[in-house]
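See structure below.
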Amino acid sequence: MNRRELARALSNPESIVASERPKNPWCVLGVTGAPGVGKSCLVDQIVKGWLAGGEKVAILAVDPSSPISGGALLGDRMRMSSVDAGENVFFRSIATRNLPGGVPSHLNKMVDLLIEQGWTKVIIETVGAGQSEIRVVAVADRILLVEGPARGDVIQAEKAGILELADIVAVNKCDLEGADRVAEEIRLSLNFSADEPAPVILCSAETGEGIEDLLETINTLSCAKGPTIAKARERLLAAHQELMLNHPNFTDAVKGLSDGRYTVEEALQRLR
Amino acid sequence: MPTPLRIVIAKPGLDGHDRGAKVVARALRDAGHEVIYTGLRRTPEQIVRIAMDEDAQVVGLSSLSGAHGFLFPKVCELLRKAGLEDVVVFGGGIIPERDRPALYKSGISAIFGPGTTSSEMIEFLNNLEV
């Protein structure tokens, strides 16, 4: 499969035929975090590091489609200078609308295809803004949560449920004031709830400070128990949701619920 | 909703003016398309690579620097060389009338200058057979 054929195949994830990727070594890094914390710039640095280490890196950047127009503005690659040249890097922007009902399972197939085609590392990048984004990133073998200073307190991250999924936390923009304090708060929060808390790394995609440390930590990261369970949970919920959305009675259940024919209980019965 | 087109909006060459490109990107998104914006100062080679990896059906080139006479045909030529001859290319920006025939000849399907309404562009896209 040449590059063009690969790009084409990724446009039709439901018709992808690829064998399941091997579990070892791990190859899929999920990167998530709130808008504006510097995910794309940090991914750019990670990609550069991996390329220098001889990896073939593919990036899948997932962004939500507008629920009103169905369109999407996909601008993640403009922040990544590393991705537009060289044979060993592949970047694809994905709008969620292309993957109705089954973003995680479609993504899974896309990753399998990329690995089968000789890409050695895949990065899934998505804004960590809600439950559906968490599901997207739970496809990954390892999850990097990106945080930054001046974002309010760490309760925000805890509330979103993303912190418990993270195998590693990067506090980006450490050249700005307040980053130390954010890192400390996250460490405290992680220590409070986990036996093997995820490492918290201070770094700056802008100045390059801490990037080597981050790369080293990512490359040698073993998967802690907490995130493994949290990921499995999200994957299961995603699969269940997909089953429901694809159920032949789904449209009827939604309609019946909205026009008062069914109660929620009855609608659920229709989907059993 | 109809299947959205995948459209790359690109700024080729040394040109820092992207207000127009961003307005176009936004308008096409609101018309229900998936728009990939490249950011500033891309080479023709990079733009072709982006069109390929993103599996785009349409590429829009914006130039306000005066270098369209070189850059636009170069993108078209490289697209053909890469086997992407079916990708539709349109242009926009400051493109004088006298330069346009040569650009059309090189493979540019349409040119939208200042004063174009977004509905004109959307109609052009809706009429494409891609």
Ranking B:Ser109, A:Ser93 from most to least accessible area with a 1.4 Å probe gives B:Ser109, A:Ser93
So the FRET efficiency between B:Arg98 and A:Ile68, C-beta based with R0 = 35 Å and rounded to 0.05, is 0.25
Taking alpha-carbon centroids only, the range B:95-120 lies from the range B:38-82 a number of Å equal to 15
Checked against the positive end of the charge dipole of the protein assembly as shown (+1 on Cβ of Lys and Arg, -1 on Cβ of Asp and Glu, about the Cα centre), the farthest of A:Gly118, B:Ser119, A:Asn219 is B:Ser119
By the DSSP-based rule, helices of chain A that are at least 24 Å long along the axis (C-alpha) and have a mean Kyte score of at least -0.5 are A:225-245
When A and B pair up, the total accessible heavy-atom area removed from solvent (1.4 Å probe), in Å² to nearest 100, is 2400
Loop-resident trypsin sites (Lys or Arg not before Pro) in the range B:1-71 with no more than 14 other Cβ atoms inside 10 Å, DSSP not H/G/I/E/B, are B:Arg41
Over all viewing directions the Cα convex hull of the range B:18-58 casts an average projected area in nm² of 3.0
Expressed in square angstrom to the nearest 10, the accessible area of A:Lys56 with a 1.4 Å probe stands at 60
Order by accessible surface, 1.4 Å probe, largest leading, for residues A:Leu202, A:Leu10 comes to A:Leu202, A:Leu10
Rh_Kirkwood(chain A) over Cα pairs, Å, one decimal, evaluates to 19.6
Ordered by number, the GluC sites (Glu not before Pro) in the range A:3-52 that occupy a DSSP loop and have at most 15 other Cβ atoms within 10 Å are A:Glu20
Output for the range B:2-96: chymotrypsin sites (Phe, Trp or Tyr not before Pro) sitting in coil per DSSP, at most 15 other Cβ within 10 Å, listed by number, reads none
In debye to the nearest 20, the charge dipole size for chain A, taken about the Cα centre with +1 at each Lys and Arg Cβ and -1 at each Asp and Glu Cβ, equals 980
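The values are calculated or read from the model by the stated rules, or taken from the named source; none is laboratory data. Note that the structure is predicted; figures quoted are calculated from it, not measured. Here Cβ is always computed from backbone atoms with ideal geometry, including for glycine, and neighbour counts include all displayed protein chains. For accessibility, only protein heavy atoms count, side chains too; no ligands or nucleic acids. Shrake-Rupley method; radii C 1.70, N 1.55, O 1.52, S 1.80 Å.
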